Amino acid sequence: MAKSNLGVLIFNLHLELMTQQHYLETVRGNKAEKLDPLFCNLLKHHWLEEAQHTRLDFLEAQKILAREPDTLDEALREYAELLQALRGTLNAQLALDLQTLEKVVGRTFTPEEQEHLAESQERSYVWGFIGMGMKAPLFLSRLRALSPIAEQRVLELAPTYYCD
């Protein structure tokens with residue numbers, strides 16, 4: 001609630017467009033795997049819903065920038081802060097996931113094993129929820145349409161969240 005509407009809209013666009021990209025790349029038209037048809041249908045409808053959200057969020061961001069063009073820098077700083085907050089949430093989930101894994105396999109991992117698992121899982125979470133979103137062509141095109149500066153700033157920030 002402490003962030004500006006524009007900062008939150010950019011963050012929302014990131015998440016919504018990352019979700020759409022994930023559906024397009026992994027579910028729609030997937031013939032390589034036998035996916036449950038009901039699950040595919042659920043994901044398709046989620047994709048359609050996110051498409052509606054992105055249109056509305058993008059239009060709202062355009063309106064804000066038309067009224068207050070000087071708010072972009074602050075909104076992008078807030079977007080970066082929201083990404084860091086998401087990373088913190090993902091790391092908290094990671095700790096819970098490791099506890100669950102230990103219970104399921106019936107043993108406690110050594111500190112070295114815990115570190116290895118945590119590093120691997122963090123890379124996966126950060127890429128899956130942050131890095132993939134920052135590289136999503138749909139997100140980058142929306143940023144470019146808002147302002148080429150927005151796209152440039154996100155691309156400068158992106159290496160923090162993924163490794164090629």
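The values are calculated or read from the model by the stated rules, or taken from the named source; none is laboratory data. Please read all numbers here as calculations on a predicted model, not as lab measurements. Neighbour counts are summed over all protein chains in view; Cβ atoms, including those assigned to glycine, are modelled from backbone coordinates with ideal geometry. Ligands, DNA and RNA are stripped out before the accessible areas are found, and what is left, the full protein with its side chains, is counted by its heavy atoms. Shrake-Rupley method; radii C 1.70, N 1.55, O 1.52, S 1.80 Å.
A few notes on this one:
- Computed FRET value (nearest 0.05) for M1 with A95, which takes r as the C-beta separation and R₀ as 25 Å: 0.45
- Entry comment: accessible area of segment 10-158 is 61 Å² per residue, from protein heavy atoms only and a probe of 1.4 Å.
- With R₀ fixed at 30 Å, the C-beta to C-beta distance from K103 to R123 puts the FRET efficiency at about 0.80.
- Solvent-accessible area, 1.4 Å probe, carbon plus sulfur percent, for segment 42-136: 58 percent
- The sum of -39500 (n - 2.57) across all DSSP H runs of n ≥ 4, divided by the residue count of the chain, sets its helix-only mean residue ellipticity at 222 nm to -26500 deg cm²/dmol.
- With all projection directions averaged, the alpha carbon convex hull of the chain covers 11.9 nm².
- Extension gain for the segment E33 to L56, taken as residue separation times 0.36 nm less the Cα-Cα distance, is 4.9 nm to one decimal.
- Spin-label model, E68 to Q84: label points 7 Å out along the Cα-to-beta-carbon direction sit 2.1 nm apart.
- Tail beyond 15 Å, pair distance distribution of segment 83-148 (Cα, percent): 61 percent
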